[in-house]
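Quick notes on the structure that follows.
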Amino acid sequence: MPRNVTPLASHSQRGKPAAAQSSMDERHPPPCPDDEPAHRRRRGIYLLPNSFTAAALFCGFYAIVMAMSGRYDSAATAIFAAMVLDSLDGRVARMTNTQSEFGAQFDSLADMVSFGAAPALIVYEWSLRGLGKLGWLAAFVYCAGAALRLARFNTNVAVIDKRYFQGLPSPAAAALVAGFLWIMTDAGVQGPHVAWFSFVITVFAGLTMVTNVPFYSFKDVSLRRSVPFISIFLIVLLIGLIAYQPPLVLFALFVLYALSGYALYFWHRLKGRPVSVIATSVDEPDERGLH
């Protein structure tokens with residue numbers, strides 16, 4: 001075979017000048033794994049914060065299952081466990097710099113189950129069923145209030161004053177309903193005997209979630225700052241009280257918190273100060289309604 005004979009061109013290259021073929025290769029280079037389009041790349045999620053969110057979701061589902069089985073004390077305990085886990089996922093994400101849009105949406109959906117649907121179903125099964133239509137309407141008011149509150153929080157997150165919540169947070173509202181249930185079951189009181197008290201607390205919690213009343217968020221509390229010695233003593237005292245009588249102390253704390261928003265609202269009204277927690281300008285996030 002002669003040395004200077006070149007291999008035959010492929011079928012797609014036959015009849016094309018070499019210059020044209022070279023130009024086509026430059027315009028359409030072979031694909032490189034590093035040059036894949038962004039929408040075709042696999043996008044993972046952060047495991048640690050979403051694990052806390054998944055655990056909170058499980059607690060909410062577990063609470064519903066316990067209520068269906070008639071174990072209302074376990075259902076109430078599961079709601080409070082979901083609160084603890086929900087308070088950790090965001091902090092863990094910020095500490096580890098693993099915030100993501102997926103995590104935010106997953107957290108909202110988990111909150112709707114654990115602090116929206118679960119408390120409404122539990123209190124209905126435990127106490128409100130005997131009231132007929134008024135019973136399930138009260139449970140629906142609470143469930144709808146939680147959904148509206150979460151939707152408003154997601155849409156206003158860029159313009160809200162971080163020091164305050166607009167309306168009662170859904171975990172605190174769930175603590176009111178579950179805390180009352182926990183107290184009554186711990187005292188041996190049957191749900192139908194306190195149906196109207198359950199009705200008032202459920203409707204109050206549901207409506208307070210969708211008000212414009214400001215509630216302190218504690219987000220400006222820094223754990224890295226030094227505090228007076230008395231602060232540590234008060235924390236130890238609070239832990240001791242909760243350990244001594246968990247249902248009563250926890251319910252009392254969240255009742256005080258639910259009333260604190262109204263107290264703050266009327267205080268600012270009396271002082272002639274604005275009470276909106278929405279920033280007046282997105283470009284200047286430090287410009288707030290509350291001072």
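The values are calculated or read from the model by the stated rules, or taken from the named source; none is laboratory data. What you see is a predicted model; the values in this text were computed from it and never measured. Quick reminder, even Gly has a Cβ in these numbers, built from the backbone with ideal geometry, and neighbours come from all protein chains shown.
The figures follow:
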{"read-out": "Single match in 215, 197 (criterion: in contact with a Leu (Cβ under 9 Å, 6 or more places away or on another chain), in contact (Cβ under 8 Å) with a residue 12 or more places away in the chain and farther than 14 Å from residue 119 by Cβ)", "value": "215"}
{"read-out": "Residue satisfying all of: in the range 61-101; closer than 18 Å to residue 219 by Cα and small (Gly, Ala, Ser); surrounded by the fewest Cβ atoms within 10 Å (Cβ to Cβ) among these", "value": "87"}
{"read-out": "Candidate set from the range 77-100 (those that are among the hydroxyl-bearing types (Ser, Thr, Tyr) and over 14 Å from the mean Cα position of the chain (by Cα)); member that is modelled with the highest pLDDT", "value": "77"}
{"read-out": "Test result for residue 155, at pLDDT below 90 and either charged (D, E, K, R) or surrounded by fewer than 23 Cβ atoms within 10 Å (Cβ to Cβ) (or both)", "value": "yes"}
